[in-house]
1. Quote to one decimal, in nm, the extra length available between Asp63 and Cys134 on full extension: 0.36 nm per residue of separation minus the C-alpha distance between them.
2. Report, by chain and number, residues whose modeled amide H sits under 5 Å from the one on His24, excluding near sequence neighbours (fewer than 5 apart, same chain).
3. To the nearest µm²/s, what D does Stokes-Einstein give for region 63-136 at 37 °C and 0.692 mPa s, using the Kirkwood radius over alpha carbon pairs as Rh?
4. In nm, what is the difference between 0.36 nm times the number of residues separating Asp74 and Glu165 and their Cα-Cα distance?
5. Whose amide H sits under 5 Å from the amide H of Ala91, counting only residues 5 or more places off or on another chain, with H placed in the peptide plane?
6. What residues have an amide H closer than 5 Å to that of Gly99, excluding those fewer than 5 places away on the same chain, when H is modeled at 1.01 Å from N in the peptide plane?
7. When the C-alpha atoms of region 1-100 are aligned to their principal axes, what extent does each axis show, in angstrom, from largest down?
8. How many angstrom lie between the C-alpha centres of region 47-105 and region 158-172?
Amino acid sequence: MSAVPDGRWKLDAARSSLSFSVRHMGLARVRGSFGEFEGVLELTGGHGSARGSVRVESVETGDRLRDRMIVGGDFFDAPTHPTIEFHAESADPAGGGSGVEIPGELTIAGQTRPLQLALGASVSADALKLTGACKLRRSDFGLRFRGAMAAGDRTVGDEVSVELELLLVRAG
């Protein structure tokens, strides 16, 4: 792999994916993705920064009723917290330049927690592909089922697996 070059890189959401999965009833996995997100990575002299935003209402799990419920006030509360935000004041090329380490903060539903991303990188003349995965605990962000969905807390796992496949292009 090539070293990650300096520059300002903008996320191409149409050629990227942000997906997740969570255990349901201890047996199955519910999988989903977000369709609307944006981000920027800036690298200069071996250091940099990153930021990203995900529109909560763009969640898709393959079940429209479930999507409406988790976007609503009983879970994500998108009217009050319409986006998931990631912000990092540091972004450093990893071992041999084949990836990037991004220690940052993730904010979901008004709760901010540290998140360390270690992403592998593939580089071409005008594009940068970053791939990786992380695990989150929904309870760390106060994400629990309320109201009519309260039983969901007993049937849906706390650990959420997140997969990132991000294509970035050089930005002016």
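1. On the way: separation 71, 0.36 × 71 = 25.56 nm, distance 2.41 nm.
In short, 23.2 nm is gained.
2. Amide H neighbours of His24, under 5 Å, 5+ apart: Arg29, Val30, Gly157.
3. Working: Rh = 14.5 Å.
The calculation lands on 227 µm²/s.
4. Working: separation 91, 0.36 × 91 = 32.76 nm, distance 2.91 nm.
Between Asp74 and Glu165, full extension yields 29.9 nm more.
5. Those qualifying (amide H under 5 Å, at least 5 residues apart or on another chain) are Gly48, Ser49.
6. Val4, Ala94, Ala121
7. 47, 32, 22
8. 9 Å
Each reported figure results from applying straightforward, stated rules to the coordinates on display, with no laboratory input. All figures in this text were calculated on a predicted structure; none of them were measured in a lab.
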